[in-house]
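The values are calculated or read from the model by the stated rules, or taken from the named source; none is laboratory data. Keep in mind it's a predicted model, so treat the numbers as computed, not measured. Quick reminder, even Gly has a Cβ in these numbers, built from the backbone with ideal geometry, and neighbours come from all protein chains shown.
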Amino acid sequence: MSKKRLSSHVFDLPVQELRRGYRSDVYFWRAKVALETQSLHPTVTMQVFQRTEAIACGIDEALAILKLGTGRYTDRDEAFKLFDRLIELKQSARVCYQEQCDEYLRIIEEKSAVSRELDALWEDGYASLEVEALHDGDAAGPFEPVMHITGDLSLFAHLETIYLGALARRTRVATNVRDVVEAANGKTILYFPARFDHWAVQGGDGYAAQIGGAAAVSTDAQGAWWGAKGSGTIPHALIAAAGGDTVRATQIFDQAYPEANLVALVDFDNDCIGTALECADALGERLWGVRLDTSGTLVDASIVPVMGTFRPTGVNVQLVSMMREALDGAGHGHVKIVVSGGFEPERIAQFEREGAPVDSYGVGSYLLQGCFDYTADVVLLDGKPCAKKGRCYTHNPRLATLDWEDINGNNARDR
């Protein structure tokens, strides 16, 4: 049974901007226009790959980009004028909305009308493309093709920037998440890097995290593509607002969100064990877990008496072991332990080797690090080899032939 692909409407793509080359490297757009101007319609095979061991992701997003952005304008000059007007209206709408201008609804109506006119001038070309691709979540080796696109280059030359960028970003997140999932030896990984990057990337990043094996995300937007909601603990800010009283802050949170798994953040006073026991005594069975997030420049109060044979700063194995022993000894064996703060695969693997009684790892900025750059090359022209030196067509039997109906949703667009 073939894997199900995401429908194209999931990605909230700015379709008119993709078609006009607004978000593409300008040389790709100019190549498309040059081919059209000269009535050149070469049938090429574009081969897409990256250079390391990776978990491929962004495949379905790239396919949606090809479906919604492949084609040509029947009247390019008129389309350019309409698109310029669309951008003006988009900008005016933002200003008018913020200033509560009476013209806002009229601008939105005109924007929709202009978008419809652009649609009428667009001739879809995706159905003429033959595409073979891996699936999101497939392992990909160095230089292994993850996609072959065969068709008239003048129809899709302008999209290279867009689909390569989607692949690079999503593969980075999915691969990094898979690395920490494997290091965690079956323990739950919580995806917590939202604060370290731009808000606009959350939807696709959260999906990539799920592909990589993360069990939970921290924002609703990160779960939107796969039907999840954000989850997490109380923040330090709420504890500060409660006068530095972690128990009171946790109770306030519990009263506001009684349906949530209640996790107390216990490092505010740099006495994780003492604070955790206070919370567990006060909240009893309601307390699902505690999260340790001690700064890497601090030594927790409970660690000071036992220092001497291990690195004492931050969240460490000794602190977690002492926490488990203290909770169990006080009759709170049901309380789970979540750790966060600078965790990456090597550190997680160390915790697992040393038997740290961790139930969940919250991982942040590591999951956005590194690069998994993709390249697209023309490797065949009219079915015959035609590539720059150092490149050649590589057959990959793992690629699945795309049925465009598998990514339906062509009418759902950000116009």
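For segment 231-245, the set of residues classified as of a type in the set (Ser, Thr, Tyr) and either surrounded by fewer than 18 Cβ atoms within 10 Å (Cβ to Cβ) or not in a loop (DSSP other than H, G, I, E, B) (or both) consists of 231 only. The condition (being outside the structural domain of residue 67 (by TED's automatic domain parsing), touching a Ser or Thr at 6+ places or on another chain (Cβ under 7 Å) and modelled with pLDDT of 95 or more) is satisfied by just one residue among 190, 129, 155: 190.
The number of residues in segment 96-129 that are more than 30 Å from the chain's Cα centre (by Cα) and among the aromatic types (Phe, Trp, Tyr) comes to 2. Reported count of residues in segment 173-188, each being more than 19 Å from residue 53 (Cβ to Cβ), touching a residue at least 12 places away in the same chain (Cβ under 8 Å) and out of contact with any Asp or Glu (no Cβ under 8 Å at 6 or more places or on another chain), is 0. Suppose we filter segment 47-103 for residues that are assigned to a helix (DSSP H, G or I) and not aliphatic (A, V, I, L, M); how many remain? So the answer is 20.
For beta carbons closer than 7 Å, sequence separation of 6+ or different chains, a first residue in segment 105-125 that is in the same structural domain as residue 82 (by TED's automatic domain parsing) and touching a residue at least 40 places away in the same chain (Cβ under 8 Å) and a second that is assigned to a strand (DSSP E or B) and basic (Lys, Arg), the qualifying pairs are 123/72; 125/72.
Can you spot a residue in segment 340-355 that is in contact (Cβ under 8 Å) with a residue 40 or more places away in the chain, out of contact with any Phe, Trp or Tyr (no Cβ under 9 Å at 6 or more places or on another chain) and outside any helix (DSSP H, G or I)? The answer is yes; a qualifying residue exists. In segment 320-337, which residue that is touching a Phe, Trp or Tyr at 6+ places or on another chain (Cβ under 9 Å) and not in a loop (DSSP other than H, G, I, E, B) is nearest to residue 282 (Cα to Cα)? Result: 336. The single condition among (1) among the aliphatic types (A, V, I, L, M); (2) modelled with pLDDT of 95 or more; (3) under 27 Å from the mean Cα position of the chain (by Cα) that residue 260 does not meet is (2). Would you check if residue 23 is surrounded by fewer than 21 Cβ atoms within 10 Å (Cβ to Cβ), within 25 Å of residue 373 (Cα to Cα) and out of contact with any helix residue (DSSP H, G or I) (no Cβ under 9 Å at 6 or more places or on another chain)? Spelling it out, it is not the case that residue 23 is surrounded by fewer than 21 Cβ atoms within 10 Å (Cβ to Cβ), within 25 Å of residue 373 (Cα to Cα) and out of contact with any helix residue (DSSP H, G or I) (no Cβ under 9 Å at 6 or more places or on another chain).
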